[in-house]
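The values are calculated or read from the model by the stated rules, or taken from the named source; none is laboratory data. Remember, predicted model here, so these are calculated numbers, not experimental data. Here the Cβ positions follow ideal geometry from the backbone for every residue, glycine too, while neighbour counts run over all protein chains shown. Ligands, DNA and RNA are stripped out before the accessible areas are found, and what is left, the full protein with its side chains, is counted by its heavy atoms. Shrake-Rupley method; radii C 1.70, N 1.55, O 1.52, S 1.80 Å.
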Amino acid sequence: MEQVEAQARALLAQATAHAAPIVDEVAKLALPVAEPVYKAHLQFQEFLSANHNLIPHMAWEESASGTLGLSLSQFRFTLALFASVILVAGVRLFRNPTLRHLYAVATGILIIYYPFGSSIMHVLPMAVAAYLAMLLAPRRAGLIAWCTVFPYLIYLHVVNASGAMVAVLKLISICVCRADSFRKNKEDLSPYQSAHQLTRTPSPLEFGLWHMGVYLALTLNGWSMEHYHSDWYYSQPLYIRVGSFCVIGAVYQLRYYFTWKITEASYVFAGLDWQGWAADGKPQWGRCRNCSFLGVWLADSARNPGFQSLLFTQLISAVWHGLYPGYLLFFTGTAVVFKAEAYLPKALLLDWQQSITSYASVAFFPWK
């Protein structure tokens, strides 16, 4: 055994000796490129780390936020959210489309800058990349967006723990819709793709207006770890702890729905929810429906994708949320849980061995 270890060490030393000159040569060749790239990264990181707000905190804000039990940033976000419903109604005061766009962009930047400050600049590079993709290569806009916007989000996750995830979804979505309009065989498009294909690239002003409607779909900070790292939580029986998580999860889910519905109200006040007149002469609304929580809660069925597709989707979702092991473990684990749900009732009520054998036959786990 000692002789084998000695031979392995000798082989490793020889490989290192042969590889060292090659590595040094590659490093010399890459240095002229790597050095400016790294300097640009440091400068951009310094730009991202800048966090200032020209609108100072005022005494009435501190008093109101303390009364409501919110932080100043949460209070400003809540105030901006409700203010958007009122401000967006001003769009109807302008008949000229350009004036409408300018008003919407100006007020949109104001109500976003008010709670977030200079951090809103983080989304500018991805917005520019998406628009250039639609402008210069509309046929491949979707692919270009996936290859630029999504890696940029990963970069933000690494250097700045970004929260620009909703913007990434919207930017990739509009680029894919633009590329769908170039499909030669329109029959290949789904009904949803046919209805949402973008037949022309929007003007910079139109794109800026559309982009301003993205960020108010964000929510306040979630439930933090210290809430359940408490003596009260661990002193409760299991059913109380499980039940408390069900209630807390429902409450925070409703916070998302509440924020999305407020955003939907803004579009309604702007008149964008109008669908036209029905055949019987009645007005139709619902064009800008943001979510349907009853439809989600009361859904009796869902599409059952293959395990590979489900696992890949959950993996992408994990990376979209952030580059943390917890996200990867959770989302990839849910792929197994979702797939197992189809066999769980049979396993519990009928024959568990036959059920697990059937599950193994369609997944990746051998069963003997």
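Just to check your reading of the model, which residue among Y252, Y327, Y257 is in a helix (DSSP H, G or I), out of contact with any helix residue (DSSP H, G or I) (no Cβ under 7 Å at 6 or more places or on another chain) and of a type in the set (F, W, Y)? Exactly one residue qualifies, and that residue is Y252.
Within segment 115-128, take every residue that is open to solvent by 30 Å² or more (accessible area, probe 1.4 Å) and in contact with a helix residue (DSSP H, G or I) (Cβ under 9 Å, 6 or more places away or on another chain) and give me the one that is nearest to F207 (Cα to Cα). Residue satisfying both the conditions and the ranking: P125. Number of residues in segment 315-327 that are open to solvent by less than 70 Å² (accessible area, probe 1.4 Å) and not polar (S, T, N, Q) equals 7. Residues in segment 74-86 that are over 22 Å from L272 (Cβ atoms) and surrounded by fewer than 16 Cβ atoms within 10 Å (Cβ to Cβ): Q74 only. Among the residues of this structure, V159 counts as one that is loosely packed, with under 15 Cβ neighbours inside 10 Å and farther than 17 Å from R200 by Cα. Looking at segment 293-314, can you tell me whether even one residue there is under 30 Å from L87 (Cα atoms) and surrounded by 12 or more Cβ atoms within 10 Å (Cβ to Cβ)? Yes; the residues of segment 293-314 include at least one that is under 30 Å from L87 (Cα atoms) and surrounded by 12 or more Cβ atoms within 10 Å (Cβ to Cβ).
Of a type outside the set (S, T, Y), open to solvent by less than 60 Å² (accessible area, probe 1.4 Å) and in a helix (DSSP H, G or I): is that true of A195 in this structure? Spelling it out, it is not the case that A195 is of a type outside the set (S, T, Y), open to solvent by less than 60 Å² (accessible area, probe 1.4 Å) and in a helix (DSSP H, G or I). Given the residues V319, V337, V296, V268, which is the only one that is at pLDDT 60 or above, within 30 Å of V159 (Cβ to Cβ) and among the hydrophobic types (A, V, I, L, M, F, W, C)? Exactly one residue qualifies, and that residue is V319. You will find that of G66, G108, the residue that is part of a helix (DSSP H, G or I) and surrounded by 14 or more Cβ atoms within 10 Å (Cβ to Cβ) is G108 and no other. Each residue in segment 234-276 was checked for being without any contact (Cβ under 8 Å) to a residue 24 or more places away in the chain, open to solvent by 70 Å² or more (accessible area, probe 1.4 Å) and out of contact with any strand residue (DSSP E or B) (no Cβ under 6 Å at 6 or more places or on another chain), and 12 pass. Step by step: first the residues of segment 162-192, then only those that are more than 28 Å from A318 (Cβ to Cβ) and of a type in the set (A, V, I, L, M, F, W, C), then the one that is most open to solvent (accessible area, probe 1.4 Å). Which residue is that? Across segment 162-192, the extreme among qualifying residues is F182. Are any of the residues in segment 154-176 over 19 Å from the mean Cα position of the chain (by Cα), of a type outside the set (A, V, I, L, M) and part of a helix (DSSP H, G or I)? No; the residues of segment 154-176 include none that is over 19 Å from the mean Cα position of the chain (by Cα), of a type outside the set (A, V, I, L, M) and part of a helix (DSSP H, G or I).
Pairing residues of segment 94-110 that are among the charged types (D, E, K, R) with residues that are outside any helix (DSSP H, G or I), at Cβ distances under 6 Å and at least 6 apart in sequence or on separate chains, gives R100/F94. Inclusion of A347 among residues that are modelled with pLDDT under 65 and open to solvent by less than 50 Å² (accessible area, probe 1.4 Å) is warranted. Being over 24 Å from the mean Cα position of the chain (by Cα) and assigned to a helix (DSSP H, G or I) is a property that holds for R100.
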